[in-house]
Amino acid sequence: MTGPGLRPTAVMFACGMNSVRSPMAEALTRKLFPNQVYVRSAGVRQGKIDPFVDAVMAEIGVDMSKHQPRTFEQLDESGFDLVVTLAPEAHHKALDMTRTEAVDVEYWPTLDPTMATGSREQILNEYRAVRDQLMMRIKKRLDWAPPPSG
């Protein structure tokens, strides 16, 4: 369990298909907390790789080429301190799957950028907005501090 001021040591992010929001959150957490937080992601249904995710994450130096979308069942792990759900269906699934475990489940309503329309740049801007919102939430929730400069 986590409490005020205590950073979870194992976090799972969940969304609908583990192809946009949850893998972004997983990669951002890994970037912000290298070797400090065990992090995984999963979806309710099987998704596929999203090239817009690769593009907006590459902009901040994060390589998504190794991500393979997986479902809750494929993840087959437990022992998380915190499960963060980014879509309503993932929240219901996480609550159902963790009801017998001592784990915090938090819902962070996050827009689905795959619904964006318009030019490539307009669509990329929607993905960037989700990436930046997730970065802000992760930094705040996991109490991120910039590394000391030296």
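Give 59, 77 a once-over and let me know the one that is surrounded by fewer than 16 Cβ atoms within 10 Å (Cβ to Cβ), out of contact with any Gly (no Cβ under 8 Å at 6 or more places or on another chain), in contact (Cβ under 8 Å) with a residue 40 or more places away in the chain and closer than 20 Å to residue 139 by Cα.
59
Of everything in region 123-150 that's loosely packed, with under 14 Cβ neighbours inside 10 Å and not charged (D, E, K, R), which residue is farthest from residue 86 (Cα to Cα)?
Ranking the qualifying residues of region 123-150, first place goes to 150.
All but one of (1) in contact with a helix residue (DSSP H, G or I) (Cβ under 7 Å, 6 or more places away or on another chain); (2) assigned to a helix (DSSP H, G or I); (3) among the aliphatic types (A, V, I, L, M); (4) farther than 17 Å from residue 30 by Cβ hold for residue 134; state the number of the condition that does not hold.
(4) is the only condition that residue 134 fails.
For region 98-122, which positions are buried (at least 18 other Cβ atoms within 10 Å of the Cβ) and in a helix (DSSP H, G or I)?
Listed by number, the residues that qualify are 113, 114.
Keeping to region 1-15, report how many residues are at pLDDT 95 or above and either among the polar types (S, T, N, Q) or over 16 Å from residue 137 (Cα atoms) (or both).
Matching residues across region 1-15 total 1.
How many residues are without any contact (Cβ under 8 Å) to a residue 60 or more places away in the chain, within 18 Å of residue 25 (Cα to Cα) and out of contact with any strand residue (DSSP E or B) (no Cβ under 6 Å at 6 or more places or on another chain) if we restrict to region 83-107?
1
Out of region 63-78, which residues are of a type in the set (S, T, N, Q) and part of a loop (DSSP other than H, G, I, E, B)?
Result: 65, 68, 78.
Looking only at residues in region 61-93 that are at pLDDT 95 or above and small (Gly, Ala, Ser), which one is farthest from residue 14 (Cα to Cα)?
61
Consider region 80-97. How many of its residues are more than 20 Å from residue 133 (Cβ to Cβ) and either more than 15 Å from the chain's Cα centre (by Cα) or surrounded by fewer than 20 Cβ atoms within 10 Å (Cβ to Cβ) (or both)?
Residues in region 80-97 being more than 20 Å from residue 133 (Cβ to Cβ) and either more than 15 Å from the chain's Cα centre (by Cα) or surrounded by fewer than 20 Cβ atoms within 10 Å (Cβ to Cβ) (or both): 6 in total.
Limited to region 27-53, what total is found for residues that are without any contact (Cβ under 8 Å) to a residue 40 or more places away in the chain and out of contact with any Phe, Trp or Tyr (no Cβ under 9 Å at 6 or more places or on another chain)?
Residues meeting the conditions: 11.
Tally the residues that are outside any helix (DSSP H, G or I), more than 14 Å from the chain's Cα centre (by Cα) and of a type in the set (A, V, I, L, M), restricting the search to region 18-62.
2
Can you list residue pairs whose Cβ atoms sit under 9 Å apart, with the first residue in region 113-124 being over 14 Å from residue 21 (Cα atoms) and the second being aliphatic (A, V, I, L, M) and not in a helix (DSSP H, G or I)? Count only pairs 6 or more apart in sequence or on different chains.
Note: pairs meeting the criteria are 122/116; 123/116.
Which condition breaks for residue 48 when tested against (1) at pLDDT below 95; (2) more than 19 Å from residue 139 (Cβ to Cβ); (3) in contact with a Leu (Cβ under 7 Å, 6 or more places away or on another chain); (4) of a type outside the set (S, T, N, Q)?
Failing condition for residue 48: (3).
The values are calculated or read from the model by the stated rules, or taken from the named source; none is laboratory data. Keep in mind the model is a prediction, meaning the values are calculated, not measured. FYI the Cβ positions are ideal-geometry reconstructions off the backbone, even for glycines, and counts take in every protein chain you see.
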